[in-house]
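The structure appears below as structure tokens.
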Protein chains: 2
Amino acid sequence: MSLATTGVPNLDWTDPECPVARALDLVGDRWSLLVIRDAMDGARSFTEFQRRTGIARNILTDRLRRLIAHGLLAQRAAPSGRRREYVLTDAGRDLFAVVLTLRQWGERHAFAPGEAHSVLVDRHGAPVPEIAPTGADGAPLDTDTTHVRKAR
Amino acid sequence: MSLATTGVPNLDWTDPECPVARALDLVGDRWSLLVIRDAMDGARSFTEFQRRTGIARNILTDRLRRLIAHGLLAQRAAPSGRRREYVLTDAGRDLFAVVLTLRQWGERHAFAPGEAHSVLVDRHGAPVPEIAPTGADGAPLDTDTTHVRKAR
DNA sequence: TCAAATTGGTTGCAATTTGCTACTTATTGG
DNA sequence: CCAATAAGTAGCAAATTGCAACCAATTTGA
């Protein structure tokens, strides 16, 4: 894998002109988004990621390197002490909306009614409101009211 | 794989109480979300999914069955003729926000500046605005201003 | 201080998943 | 009726993942 001069990875895209496909080429495997989730939730060390995700250690090694190579994670010196730690880059932090919509979809469709699950809350402890895609005019958008316009 | 009486699949969750992890257990593989993307964009037949995604045929067979088993796709008789077609269920259509945020992240971070890509537009041809997670008070939310509250 | 535990890996091998290339069995369409 | 298309299946090779053991540096605690 190599980086183009633009910072955008230069790999064999599954579907080069589709942003969804490109995003999935970067984080659409079994583990990457869980690593990102845990980084968002404060994980910083190899051991901590391993403990939280349960991922195999050699695969975690690979994923952390991939995420660094793709610019979603970075390694920097830990504030206290000499060891290095993994931190999200701006691009990594920007996956917040993706992880949030996945979470909200999971809450709606992957739990039995009344079944307990963790909740994302803001600084005041209030649950984060559900995201509802809307158009410029404020009307709710969905599959039926939108379509893809091909790149030119 | 079996379905619980609630309609929620009953599998070995990677992390049972995390909605993000559960969502990824359902659609977090290499291909499922691309199949969903194409279904949202009008694909209905096996051949059409195969052509658009480029996925191996045996894997596509498996993914379509998984998505049906998990309640994201359904098969129904095609309006014209005898053949059956694949259509999104409500749960499948509800992945709209997930696919949209993935798309928007991809547009921001997986393309070189100025590089061409497809765009999602509404009925009037206007590009869909970017999603920005906000709290109940309207303040923008991100990784730094939210945290996960464990299930009780 | 010095041994034990922890961190951050690596290595080798087995099991699982994926992809490729046929082959098959309905339907259509002309 | 014949050929093309749709929707898979089957078999096997290649790639990915997981497991368990091993290893070198820190860090910690008695």
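The values are calculated or read from the model by the stated rules, or taken from the named source; none is laboratory data. Since we're looking at a predicted model, the values are computed, not measured. With ideal geometry, Cβ positions are generated from the backbone for all residues, glycine too; neighbour counts draw on all protein chains shown. Side chains are part of the model used for accessible areas, which takes the heavy atoms of the whole protein and leaves out ligands, DNA and RNA. Shrake-Rupley method; radii C 1.70, N 1.55, O 1.52, S 1.80 Å.
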Residue list for segment B:104-114, filter: more than 7 Å from chain A (Cβ to nearest Cβ) and more than 19 Å from A:Val27 (Cβ to Cβ): B:Gly114
So which residues in segment B:3-55 are among the basic types (Lys, Arg), assigned to a helix (DSSP H, G or I) and either at pLDDT below 95 or buried (at least 18 other Cβ atoms within 10 Å of the Cβ) (or both)? B:Arg22, B:Arg37, B:Arg52
Based on this model, can you work out whether A:Ala21 counts as touching a residue at least 24 places away in the same chain (Cβ under 8 Å), farther than 21 Å from B:His147 by Cα, among the small types (Gly, Ala, Ser) and within 13 Å of DNA strand C (Cβ to nearest atom)? no
Scanning segment A:126-138 for residues that are more than 7 Å from every other protein chain (Cβ to nearest Cβ) and modelled with pLDDT under 95 gives A:Asp137, A:Gly138
Quick check: is even one residue across segment B:35-48 aromatic (Phe, Trp, Tyr) and over 27 Å from B:Pro129 (Cα atoms)? yes
Looking at this structure, is B:Leu34 within 13 Å of DNA strand C (Cβ to nearest atom), under 26 Å from B:Leu11 (Cα atoms) and without any contact (Cβ under 8 Å) to a residue 24 or more places away in the chain? yes
Determine the pairs where a residue that is part of a loop (DSSP other than H, G, I, E, B), located within segment A:139-152, has a partner that is of a type in the set (Val, Ile, Thr) and surrounded by 15 or more Cβ atoms within 10 Å (Cβ to Cβ) with Cβ atoms under 7 Å apart, the partner being 6 or more residues away or on another chain. A:Leu141/B:Val128
Has segment A:79-89 got any residue that is away from every other protein chain (no Cβ under 12 Å), within 11 Å of DNA strand C (Cβ to nearest atom), outside any helix (DSSP H, G or I) and surrounded by 19 or more Cβ atoms within 10 Å (Cβ to Cβ)? yes
Lone qualifier among A:Ala39, A:Ala56, A:Ala97 - being within 15 Å of DNA strand C (Cβ to nearest atom) and either closer than 16 Å to B:His109 by Cα or in contact with a strand residue (DSSP E or B) (Cβ under 9 Å, 6 or more places away or on another chain) (or both): A:Ala39
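For (1) open to solvent by 40 Å² or more (accessible area, probe 1.4 Å); (2) more than 16 Å from DNA strand C (Cβ to nearest atom); (3) assigned to a loop (DSSP other than H, G, I, E, B), each residue gets a yes or a no:
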position	(1), (2), (3)
B:Arg76	yes, no, no
B:Arg103	no, yes, no
B:Arg108	yes, yes, no
B:Glu115	yes, yes, yes
